[in-house]
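Note sheet for the following structure.
The values are calculated or read from the model by the stated rules, or taken from the named source; none is laboratory data. Keep in mind that what you see is a predicted model, and the values were worked out from it rather than measured. Note: ideal-geometry Cβ built from the backbone for every residue, glycine included; neighbour counts use all protein chains shown. Surface areas here come from the heavy atoms of the whole protein model, side chains and all, with no ligands, DNA or RNA. Shrake-Rupley method; radii C 1.70, N 1.55, O 1.52, S 1.80 Å.
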Amino acid sequence: GVGLSVHGHFRVATEKTLFAMPETSIGKNFNSGGYFLPRLSGKIGYYLALTGFRLKGRDVLKAGIATHFVESEKLPALEKDLIALKSPSKENIADLLNSYHVK
C-alpha cells in the first residue's frame, strides 16, 4: 500500500486511483504516513492525517503524492514500453512516464 509505494521515485495515478490511509481516521498515524504526510506542500498532509479523507484521481497528483497521471486505458501500453526499455535508468523511465503523463 501507501506505506511502501509513497517512497518510490515514480508514483503513477489514474482516474481510478483512490488514495486512502484509513488508519489516520482512527488516530493511528505512526507508520510511514507520519513521515510523509506532513511533508506534502501546504497543509494538505495535515488535513489528510487528521481527517482520513480519501483522494481520488488527479487530486492524488495535485497533492504531490503521485508524480505522474496516466489515463488507465494507456497503462498496458506504458507497461509494454517500460519492459521494452533497453536502458532502464531513472532518466529514461522519467522520460517515458513524461510522454504518457496527462497534464
> Looking only at residues in segment 1-26 that are open to solvent by 70 Å² or more (accessible area, probe 1.4 Å) and over 24 Å from VAL102 (Cα atoms), which one is modelled with the lowest pLDDT?
Replying inline: SER25
> Considering only residues of segment 47-82 that are of a type in the set (A, V, I, L, M) and closer than 17 Å to HIS9 by Cα, which is surrounded by the fewest Cβ atoms within 10 Å (Cβ to Cβ)?
Replying inline: LEU82
>> Can you pull out every residue in segment 79-102 that is free of Cβ contacts under 8 Å to residues at least 40 places away in the same chain and within 23 Å of VAL60 (Cα to Cα)?
In response: GLU79, LEU82, GLU91, ASP95, LEU96, ASN98, SER99, TYR100, HIS101, VAL102
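Out of all the residues in segment 92-102, is one or more in a strand (DSSP E or B) and either surrounded by 17 or more Cβ atoms within 10 Å (Cβ to Cβ) or touching an Asp or Glu at 6+ places or on another chain (Cβ under 6 Å) (or both)?
No, every residue in segment 92-102 fails to be in a strand (DSSP E or B) and either surrounded by 17 or more Cβ atoms within 10 Å (Cβ to Cβ) or touching an Asp or Glu at 6+ places or on another chain (Cβ under 6 Å) (or both).
Out of curiosity, is LEU75 modelled with pLDDT of 95 or more and among the hydrophobic types (A, V, I, L, M, F, W, C)?
Numbers: modelled with pLDDT of 95 or more: yes; among the hydrophobic types (A, V, I, L, M, F, W, C): yes.
Against the criterion (modelled with pLDDT of 95 or more and among the hydrophobic types (A, V, I, L, M, F, W, C)), LEU75 qualifies.
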> For segment 62-77, what are the residues that are closer than 30 Å to TYR35 by Cα and part of a helix (DSSP H, G or I)?
Replying inline: LYS62, SER72, LEU75
